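Single-structure report; data block below.
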Amino acid sequence: MLEPGRTDAYLNHISGSALVVKRLTPARFKTDYEQMLFHAHIGPTFGEALMKNERCYLEQPEWMRLYESMIKDDTPWLTDRSSVVIRVRMRILNLCSTLADTTEAMDPEKIDEGLLFTAELKARQNHSSLIKSLEEYKSHVVRTSMAPAPQSELALRREVYGTALECLCVYKRVLASFCDSERLRLESEAQTLACEMLELQTLPAPRHSWLYSQHERGVAEVIRMTGTEWEEDLTSASAGVRRMAACERWTRFNAYLHA
């Protein structure tokens, strides 16, 4: 699972474990050991759903409640069970359905205003919640900045922050697809985030950071590469032309994300 050159074996393993966990249902994860197994399963399952451009079953309320119930703030340093970490990751888990909703809503052959409104509202809520969770993360970093942090803390900070930036970057493109009047501002923010993600790649990282850093770099490079298209000024074009351009931009961007 931890060999970078064997992604096929990794994905096969995760697909199998996801099926087992899903069939067990949340009620089966009660003991510390059972919850530890579930916790270890979350990140890889989310990553697999993201790569396959599918909804992640972990977003369902019953699984989210199980994940939130695992919070343990029994140390001043971050752990996988810290409220700061779990709440950021819960917001990240929403990305899979956001991508699916956006792709469905931006289908040029069946534009549905009700579907567009619902998808945009959900995306805005997820975007806002992720920003709020990031603020809590930053508050923790500031609060503990005067004490030497253990290596485990630094590794977890890097993973959580990088993945959150990656998701936030994609949310900017989602919202820009729904609201053309905000597109140029959102694109400027997305480009800034992409540059920051690429800078993160140059910093020392934990041994197995390839599990998340490769995807971060890929998203950042796609954002940078497609920037000109998303910065196109269409203020003088008709609403129909702007909508069709938005659909085409999203379709190409989504294809790059899952290439």
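Derivation of every value follows stated rules applied to the coordinates shown; laboratory data play no part. Keep in mind it's a predicted model, so treat the numbers as computed, not measured. Here Cβ is always computed from backbone atoms with ideal geometry, including for glycine, and neighbour counts include all displayed protein chains.
Quick notes
- Among S213, S152, S188, the residue with the largest mean-square fluctuation in a Gaussian network model of the chain, with springs joining Cα atoms closer than 10 Å, is S152.
- Phi-based couplings in Hz for the stretch 190-198 (Karplus 6.51, -1.76, 1.60; Gly and Pro marked x): 5, 5, 5, 5, 4, 4, 5, 5, 5
- Projected label distance in nm at E199 and E232, using a 7 Å step from Cα toward the beta-carbon: 3.1 nm
- Compared with the direct C-alpha span, the chain from R65 to E34 gains 9.6 nm at full extension, assuming 0.36 nm per residue.
- With both labels modelled 7 Å from their Cα along Cα-to-Cβ, the K22 to A239 distance reads 3.9 nm.
- Rel. contact order, % - alpha carbon contacts under 8 angstrom, at least six apart, the chain: 17 percent
- Translational diffusion of the chain, µm² s⁻¹ [Kirkwood Rh, Cα pairs; Stokes-Einstein; 20 °C; 1.002 mPa s]: 110 µm²/s
- Each peptide in 160-166, 41-47 receives the mean, over its residues, of other Cβ atoms within 10 Å, and ordering these scores from highest gives 160-166, 41-47.
- Applying 0.36 nm per residue to the separation of T144 and D107 and subtracting their alpha-carbon distance, the gain on full extension is 8.7 nm.
- Long-range HN-HN contacts of S82 with modeled amide H, under 5 Å: K72
- The protection proxy used here, the mean number of other Cβ atoms lying within 10 Å of each residue, ranks peptides 60-70, 245-255, 168-178 as follows, highest first: 168-178, 245-255, 60-70.
- Charged side chains reduced to their Cβ positions (Lys and Arg at +1, Asp and Glu at -1) give the stretch 71-257 a dipole of some 580 debye around its Cα centre.
- Note on K22: lysines with a C-alpha under 27 Å away, same-chain residues under 8 apart excluded, are K30, K52, K72, K122.
- J(HN,Hα) series, the stretch 29-45, from Karplus relation 6.51 cos²θ - 1.76 cosθ + 1.60, nearest Hz, glycine and proline x: 9, 10, 6, 4, 5, 5, 5, 4, 5, 4, 4, 5, 7, 5, x, x, 5
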